[in-house]
Amino acid sequence: MSIWIIFKLLGSLALLMLGMKSMSEALQKMAGPQLRHLLGAMTSNRLTSMLTGMFVTAVVQSSTATTLMTVSFVNAGLMSLLQAIAVIMGAHIGTTVTAWVMSLGFAYHITPYVYIAFFLGIILIYMKSRRTVGDLLFGLAFLFLGLGTLKDTGFMIVQNPEASTALMGFFQNFGTPGFWNSLFFLLMGTLLTLCVQSSAAIMAITMLLCCTGILHIQLGIMLVLGENIGTTITANIVAMTANVQARRAAFAHFVINAIGVTWALILLNPFVAQVCQAAGFNPSTPTFAPDYALKATIVLATFHTALNVVNTLLLIGFVQYIERLVCCIIKPKTTDEEEDFRLHFIQSGLMKTPELSVLEAQKEVSSFAIRMQRMFGMVREMLTEKNEQQFKKEYERIAKYEAISDNMEIEIAKYLDQVSDAHLSDDTKAKIRAMLREISELESIGDSCYHMARTIHRKVQDKKDHFNDRHYEHIHQMMALTEQALSQMNTLLGGRKESYNVNRTYNIEHEINNYRNQLKSQNINDINNHQYSYAVGTIYMDLINECEKLGDYVVNVVEARTGTKLKEN
């Protein structure tokens, strides 16, 4: 076989994968936020969850994207495990549309028309307002160009006596589709999909082998079954660093497809016979028959659809039992994950889109903010009476959280920098800029908390400096106001900015400033009246001023998220 034919085969496969990726990303950019909100809202019961998963996957043309989005929702606590399992079942039906698109590309000679799509696409790309539509056309064009080139190359190989003999010889070694041969192709489909990380690419190769007559149709069906298992690996890889519920959702993805493949193997012969009958295909039809290529690809697409539809209908009533199974297999960790530095929502999974990446980053920023409020709560605890060992342990814990805040800022910034390298919409670019400012201000909140902890630690170490009851009362009141500001900030970061009233944050900040000014004047008078030492007054005002600074950082976070200027800093 000529080396150029091999490169043409690999190149056409690369074009196909590029087309699928570009088309999926363009579709998600066009309807990403709406689909994300739909995915979060239309999951009131298992039926609507399934239909939502099916619709979203059919629109974005990627079950992997839907599954990763679902895992992210579970990870963020926006969707229950029960809802996620039903959504994933629907995604299995929605992804069958891809096989029909490929069948169309193999069955008809569409390649000459892709150049029209390229021409229109480049015009729309240069029109900034229609750039995403242009990307979609380019993705479709690359997809069908890859399919057409792949098909032409396949027939070129078949017509080449040397190449045809070698390939036929290889596949004839497996003879008729027996048990061991079928098992071999099942494993091959799983491993190839796992390696390529694209079930669509392996489906294209399967259709090529079957429509050219190189591979028996039943062995092609075994490859499809293997692809169904292999495609679940991506979500499980991504979820390895996620929380326990997200890992369970990803594992449920595998369990659902594994059950489908199991019953399909048990009923393989009658099931394949019914599919062939529905597609009007006779397995004994000679490969040189005029409609063989068309019928072979339709059989594969029909089998893929029938398998996923029947499997979903069989399992939709047993969602709660699948949930129990994955909960029994994947146990929660006994260690406190909050005490270790680990990003909870950002994962390094494959085939993610900017829309999904921004969602993950936003959830991570929200988690960062919650950690900082928890850190401030530890500072407040340091002011209560406790023994020396407890005080030391609390202080060391705050120091650990300060190191965590530094690491979180760096890691989230790195991730956002990677995401910004992709082709992004103006809205997504603005979100990334806002998040970069948010994490900087959140890290400053961590610094303020640590400075307060050090100040309290210094006061405790110096046995001569003691606060009176009024000091404690004022500090606790100032910290209560600061806690309110942090709570309002986390309400914003954890919800939708459209429903947030920014005046609440401004009013609390105004109250903090007024109270700080009042205490500052009072502190000067008390020192002049010798009610306490200057050293005590300095430590006291350090804590008050640090709370006021922390309030400013909170305002900066709210401004970044809402895009509203609340006050002059």
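How many residues are in a helix (DSSP H, G or I) and surrounded by fewer than 16 Cβ atoms within 10 Å (Cβ to Cβ) when one looks only at segment 387-396? Break it down into steps so the answer makes sense when it comes.
The first filter runs over segment 387-396 and keeps only residues in a helix (DSSP H, G or I), leaving 388-396.
Then keep just the ones that are surrounded by fewer than 16 Cβ atoms within 10 Å (Cβ to Cβ); that gives 388-390, 392-393, 396.
So the count comes out to 6.
Every residue, every condition in (1) closer than 20 Å to Val261 by Cα; (2) at pLDDT 90 or above, yes or no:
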residue: Ser284; (1), (2): no, no
residue: Ala293; (1), (2): no, no
residue: Leu313; (1), (2): yes, yes
residue: Gly317; (1), (2): yes, no
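Is it the case that Ile412 is at pLDDT 90 or above, more than 21 Å from Glu548 (Cα to Cα), of a type in the set (A, V, I, L, M, F, W, C) and surrounded by 19 or more Cβ atoms within 10 Å (Cβ to Cβ)?
Details: at pLDDT 90 or above: yes; more than 21 Å from Glu548 (Cα to Cα): yes; of a type in the set (A, V, I, L, M, F, W, C): yes; surrounded by 19 or more Cβ atoms within 10 Å (Cβ to Cβ): yes.
Taking the combined requirement at face value, the residue satisfies it.
Hey, Thr285 hits all of (1) hydroxyl-bearing (Ser, Thr, Tyr); (2) in a helix (DSSP H, G or I); (3) open to solvent by 10 Å² or more (accessible area, probe 1.4 Å) but one; which does it fall short on?
It fails just one condition, (2).
Could you tell me whether any residue of segment 15-28 is part of a loop (DSSP other than H, G, I, E, B), modelled with pLDDT of 60 or more, more than 16 Å from the chain's Cα centre (by Cα) and surrounded by fewer than 20 Cβ atoms within 10 Å (Cβ to Cβ)?
no
Mind listing whichever residues of segment 516-541 are surrounded by fewer than 16 Cβ atoms within 10 Å (Cβ to Cβ) and not in a helix (DSSP H, G or I)?
Here is the first cut: in segment 516-541, the ones surrounded by fewer than 16 Cβ atoms within 10 Å (Cβ to Cβ) are 517-518, 520-522, 524-525, 528-531, 533-535, 538.
Answer for segment 516-541, where residues must be surrounded by fewer than 16 Cβ atoms within 10 Å (Cβ to Cβ) and not in a helix (DSSP H, G or I): Asn529, His530, Gln531, Ser533.
Can you tell me which residue among Asp406, Asp427, Asp417 is out of contact with any strand residue (DSSP E or B) (no Cβ under 8 Å at 6 or more places or on another chain), closer than 24 Å to Glu546 by Cα and either assigned to a helix (DSSP H, G or I) or not basic (Lys, Arg) (or both)? Spell out the reasoning first.
Values: Asp427 fails: closer than 24 Å to Glu546 by Cα; Asp417 fails: closer than 24 Å to Glu546 by Cα.
Step by step, each of Asp406, Asp427, Asp417 is checked, and only Asp406 is out of contact with any strand residue (DSSP E or B) (no Cβ under 8 Å at 6 or more places or on another chain), closer than 24 Å to Glu546 by Cα and either assigned to a helix (DSSP H, G or I) or not basic (Lys, Arg) (or both).
Using beta carbons and a limit of 8 Å, which pairs, at least six apart or on different chains, have the first residue in segment 505-528 and more than 14 Å from Leu486 (Cα to Cα) and in contact (Cβ under 8 Å) with a residue 60 or more places away in the chain and the second one open to solvent by less than 20 Å² (accessible area, probe 1.4 Å) and among the small types (Gly, Ala, Ser)?
Pairs found: none.
Going by the conditions given, is Leu186 among the aliphatic types (A, V, I, L, M), in contact with a helix residue (DSSP H, G or I) (Cβ under 6 Å, 6 or more places away or on another chain), more than 20 Å from Val299 (Cβ to Cβ) and part of a helix (DSSP H, G or I)? Lay out the reasoning, then the answer.
Working: among the aliphatic types (A, V, I, L, M): yes; in contact with a helix residue (DSSP H, G or I) (Cβ under 6 Å, 6 or more places away or on another chain): yes; more than 20 Å from Val299 (Cβ to Cβ): no; part of a helix (DSSP H, G or I): yes.
No, not satisfied.
Taking into account only those residues within segment 107-125 that are buried (at least 18 other Cβ atoms within 10 Å of the Cβ) and within 32 Å of the chain's Cα centre (by Cα), which is modelled with the lowest pLDDT?
Looking at residues that are buried (at least 18 other Cβ atoms within 10 Å of the Cβ) and within 32 Å of the chain's Cα centre (by Cα), I get Val114.
Scan segment 446-459 and tell me whether some residue there is surrounded by 14 or more Cβ atoms within 10 Å (Cβ to Cβ), under 24 Å from Gly377 (Cβ atoms) and under 21 Å from the mean Cα position of the chain (by Cα).
No: segment 446-459 contains no residue that is surrounded by 14 or more Cβ atoms within 10 Å (Cβ to Cβ), under 24 Å from Gly377 (Cβ atoms) and under 21 Å from the mean Cα position of the chain (by Cα).
Can you confirm whether Glu443 is open to solvent by less than 20 Å² (accessible area, probe 1.4 Å), in a helix (DSSP H, G or I), under 22 Å from Ala560 (Cα atoms) and acidic (Asp, Glu)? Walk me through it before giving the result.
Working: open to solvent by less than 20 Å² (accessible area, probe 1.4 Å): no; in a helix (DSSP H, G or I): yes; under 22 Å from Ala560 (Cα atoms): yes; acidic (Asp, Glu): yes.
Taking the combined requirement at face value, the residue does not satisfy it.
Tell me, yes or no, whether segment 364-386 has at least one residue that is polar (S, T, N, Q), more than 28 Å from the chain's Cα centre (by Cα) and either at pLDDT below 90 or open to solvent by less than 30 Å² (accessible area, probe 1.4 Å) (or both). Working first, answer last.
Step one: of segment 364-386, the residues polar (S, T, N, Q) are 366-367, 373, 384.
Filter once more, so that each one left must be more than 28 Å from the chain's Cα centre (by Cα): 384.
Filter once more, keeping what is either at pLDDT below 90 or open to solvent by less than 30 Å² (accessible area, probe 1.4 Å) (or both): 384.
Among the residues of segment 364-386, at least one is polar (S, T, N, Q), more than 28 Å from the chain's Cα centre (by Cα) and either at pLDDT below 90 or open to solvent by less than 30 Å² (accessible area, probe 1.4 Å) (or both), which makes the answer yes.
So, in segment 188-197, of the ones that are within 9 Å of Gly230 (Cα to Cα) and aliphatic (A, V, I, L, M), which residue ends up most open to solvent (accessible area, probe 1.4 Å)?
Checking each candidate, the answer is Leu191.
For segment 495-516, name all the residues that are among the aliphatic types (A, V, I, L, M) and closer than 17 Å to Lys565 by Cα. It would help to see each step written out before you state the result.
Filtering segment 495-516 down to residues among the aliphatic types (A, V, I, L, M) leaves 502, 508, 512.
Matches in segment 495-516: Val502, Ile508.
Filter segment 76-106 for residues that are of a type outside the set (Gly, Ala, Ser) and over 30 Å from Gln245 (Cα atoms); which is modelled with the lowest pLDDT?
Going residue by residue through segment 76-106, those that are of a type outside the set (Gly, Ala, Ser) are 78-79, 81-83, 85, 87-89, 92-93, 95-98, 100-102, 104, 106.
Checking the rest, the ones that are also over 30 Å from Gln245 (Cα atoms) come to 100-102, 104, 106.
Details: Trp100: 84, Val101: 79, Met102: 79, Leu104: 76, Phe106: 72.
Looking at residues that are of a type outside the set (Gly, Ala, Ser) and over 30 Å from Gln245 (Cα atoms), I get Phe106.
The values are calculated or read from the model by the stated rules, or taken from the named source; none is laboratory data. Just so we're clear, the structure is a prediction, and the values are computed from it rather than from any experiment. FYI the Cβ positions are ideal-geometry reconstructions off the backbone, even for glycines, and counts take in every protein chain you see. Protein only, heavy atoms only, side chains kept; ligands, DNA and RNA dropped before computing areas. Shrake-Rupley method; radii C 1.70, N 1.55, O 1.52, S 1.80 Å.
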